[in-house]
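Participant: After the structure tokens below, expect a handful of questions from me.
The values are calculated or read from the model by the stated rules, or taken from the named source; none is laboratory data. The structure displayed is predicted, hence computed values, not measured ones. Here Cβ is always computed from backbone atoms with ideal geometry, including for glycine, and neighbour counts include all displayed protein chains.
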Amino acid sequence: MFNRILAALDRSEMGIEVFNQALSLAKLTSADLMLLHVLSHEEDGSPEALIFPNIDYYPGWNEESFKLYQEHWEKFKNEGLQMLQSFSSQAHTAGINTEFTQNSGNPGRMICELARTWNADLIMMGRRGRSGLA
């Protein structure tokens with residue numbers, strides 16, 4: 001049936017549900033599991049992008065603001081990696097061969113690119129702002 005399942009995850013409740021469903025299906029089919037988190041400014045909880053970080057005369061945008069943004073972005077990245085590591089550990093405990101990756105960019109493009117290069121048989125993901133899986 002399925003040999004390679006790609007689960008595209010975010011840090012929402014839906015991301016947890018996607019992982020749980022992907023794990024259940026991987027157990028049923030003995031499939032390998034690839035967990036993907038795409039770092040994107042579109043994701044809820046991501047730091048707000050600075051528009052003019054290098055313009056000193058623009059009120060509110062200075063080196064200090066940019067450093068604060070970078071700190072928040074690093075925290076956001078680390079939280080994503082922690083999520084992936086936790087999910088991967090759960091899958092390994094369940095006996096599922098699991099890999100994970102965290103990439104930056106457009107989520108749709110990154111999902112399609114990884115599905116193609118990893119030869120995924122199935123992509124599981126949530127539906128932005130809607131209920132259910134896609």
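Participant: Would you mind finding the one in THR101, THR93, THR29 that is modelled with pLDDT of 95 or more and within 13 Å of the chain's Cα centre (by Cα)? It would help to see each step written out before you state the result.
Facilitator: Details: THR93 fails: within 13 Å of the chain's Cα centre (by Cα); THR29 fails: within 13 Å of the chain's Cα centre (by Cα).
Exactly one residue qualifies, and that residue is THR101.
Participant: Also, quick follow-up: Take the residues in segment 115-134 that are within 17 Å of SER12 (Cβ to Cβ) and in a strand (DSSP E or B), then tell me which one is modelled with the lowest pLDDT.
Facilitator: LEU133
Participant: Moving on. I need the full set of residues from segment 30-39 which are of a type outside the set (Asp, Glu) and either assigned to a strand (DSSP E or B) or surrounded by fewer than 15 Cβ atoms within 10 Å (Cβ to Cβ) (or both), in order please.
Facilitator: Residues satisfying the conditions are SER30, LEU33, MET34, LEU35, LEU36, HIS37, VAL38, LEU39.
Participant: Next up: If you go through segment 78-101 one residue at a time, how many are in contact (Cβ under 8 Å) with a residue 12 or more places away in the chain and surrounded by fewer than 16 Cβ atoms within 10 Å (Cβ to Cβ)? Can you show your working first?
Facilitator: The first filter runs over segment 78-101 and keeps only residues in contact (Cβ under 8 Å) with a residue 12 or more places away in the chain, leaving 79-81, 83-85, 87-88, 90-91, 94-101.
Then keep just the ones that are surrounded by fewer than 16 Cβ atoms within 10 Å (Cβ to Cβ); that gives 79, 81, 85, 90, 94-95, 97, 99, 101.
Qualifying residue count for the region: 9.
Participant: Looking at (1) farther than 20 Å from ASP44 by Cα; (2) out of contact with any His (no Cβ under 8 Å at 6 or more places or on another chain), find the lone condition where GLU79 falls short.
Facilitator: (1)
Participant: Return the residue satisfying two criteria in turn: it lies in segment 1-29 and is of a type in the set (S, T, N, Q) and free of Cβ contacts under 8 Å to residues at least 24 places away in the same chain, and of such residues it is surrounded by the fewest Cβ atoms within 10 Å (Cβ to Cβ).
Facilitator: SER24
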